Amino acid sequence: MSGSDDATLPPDTKLTRTKEKWAREGKFLTGRHARPDSERLPPGQHIVKDWPVLDLGVVPNIARAHWRLDVTGAIERPVSWNWTEFQAQPQTQEVSDIHCVTTWSRYDNQWQGLATRDLLTKVMPKDDAAFVILTGYDGYTTNLPLDDFAAEDALVAHSWHGEPLSAEHGGPARLVIPHLYFWKSAKWLQKIEFATRDHPGFWEVRGYHNRGDPWNEQRYSE
Ligand SMILES: Nc1nc2c(c(=O)[nH]1)N[C@H]1C(S)=C(S)[C@@H](COP(=O)(O)O)O[C@H]1N2
Ligand SMILES: [Mo]
């Protein structure tokens, strides 16, 4: 499950190596703490109006006709949805802020898709499920505690501001976990796996924090 030996991943780029170096050096850390209810902008962040694109440099082009989303692991009812089946799931709209570990934040993003809470109701995690591992069509992985995945404003989004999510931003569908740094929000979502043990993902094995709470500046592992 660790990204480094996954054959489908592109080789580490200069940017990947630079970000690993920043993690080692603690770049962007301010040492300040804030609470989401008292401060909207987390410490060390600045607001952008445009929406930057960040990924491993390979944009997988998945036609909606060939797209599937597999939900597997420690659940009572595994599913593998095609696009039509995914679109038939309950629809939720959420407006939330993006906080990227590279210090940009973007306010008031309108998302539409399947709320993770509705997904959980469908697939019924087993009692010992405690983690969720996300895999993208580019081979990217990231990990979340089940409680973070289940956040009230978290969703598997297929639209942004009323338009289908663009390929560069993770379309056909991506995860959106607004209360954690944006690297947790896997683009080009292919698989959601429930697990009893944690499996650190692509950035988590390269020096990023395992949880990534922006208000506590959990940018990097110690
Ligand atoms: N599948 C996949 N998801 C990914 C990434 C990636 O490389 N592959 N990069 C992550 C990182 S580090 C960030 S900051 C956000 C960027 O999303 P954006 O390009 O829509 O701004 O996607 C996250 N999700
Ligand atoms: Mo990122």
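Bear in mind that the values in this text are calculations on the coordinates, not laboratory data. What you see is a predicted model, and the numbers here were worked out from it, not measured in a lab. With ideal geometry, Cβ positions are generated from the backbone for all residues, glycine too; neighbour counts draw on all protein chains shown.
If the chain between residue 29 and residue 84 were fully stretched, how many nm would it gain, using 0.36 nm times the residue separation less the Cα-Cα distance? Intermediate values should be presented prior to the final figure.
On the way: separation 55, 0.36 × 55 = 19.80 nm, distance 4.35 nm.
Going from the current span to full extension adds 15.4 nm.
Compute a Gaussian network model of the chain, connecting alpha carbons closer than 10 Å, and tell me which residue from 166, 105, 96 fluctuates the most.
166
Which of these, 173, 130, 63, has the largest mean-square fluctuation under a Gaussian network model of the chain (Cα springs below 10 Å)?
63
About the Cα centre of the chain, how large is the charge dipole given +1 on each Lys and Arg Cβ and -1 on each Asp and Glu Cβ? Please answer in debye to the nearest 20.
480
Projected onto the charge dipole of region 11-216 (+1 at Lys/Arg Cβ, -1 at Asp/Glu Cβ, origin at the Cα centre), which of 192, 125, 42 gives the Cα projection farthest towards the positive end?
42
Rounded to the nearest 0.05, what FRET efficiency do residue 196 and residue 64 have when you use their Cβ-Cβ distance and R0 = 30 Å?
With R0 = 30 Å, the Cβ-Cβ based efficiency is 0.35.
Counting each DSSP H run of 4 or more residues in the chain as -39500 (n - 2.57), what helix-only mean residue ellipticity at 222 nm follows after dividing by all residues, to the nearest 500 deg cm²/dmol?
Numbers: 4 runs with 29 residues, N = 222.
Helix-only estimate at 222 nm: -3500 deg cm²/dmol.
Lys/Arg Cβ at +1, Asp/Glu Cβ at -1, dipole of the chain taken about the Cα centre: which of 22, 202, 180 is farthest positive-ward?
Working it through, the farthest residue towards the positive pole turns out to be 22.
Please enumerate, by chain and number, the lysines with C-alpha under 17 Å from the C-alpha of residue 191, excluding those fewer than 8 residues away in the same chain.
Hits, sequence-local ones excluded: 122.
Taking 2.2 N^0.38 Å as the expected size of a compact globular protein, what ratio does the Cα radius of gyration of region 11-216 give against it, to two decimals?
Cα Rg divided by the expected 2.2 N^0.38 Å: 0.98.
Give the lysines whose C-alpha is closer than 30 Å to that of residue 27, dropping any in the same chain fewer than 8 places away, or say none.
14, 19, 49, 184, 187
Could you work out which residue, out of 128, 55, 70, moves most in a Gaussian network model of the chain, that is, has the largest mean-square fluctuation with Cα springs under 10 Å?
Sorting by GNM fluctuation, first place goes to 128.
Two decimals, Cα atoms only, Kirkwood Rh: what is Rg/Rh over region 100-222?
0.94
At 7 Å along the Cα-to-beta-carbon direction for both residue 218 and residue 76, put a label point, then send me their distance in nm to one decimal.
So the two model labels end up 2.9 nm from each other.
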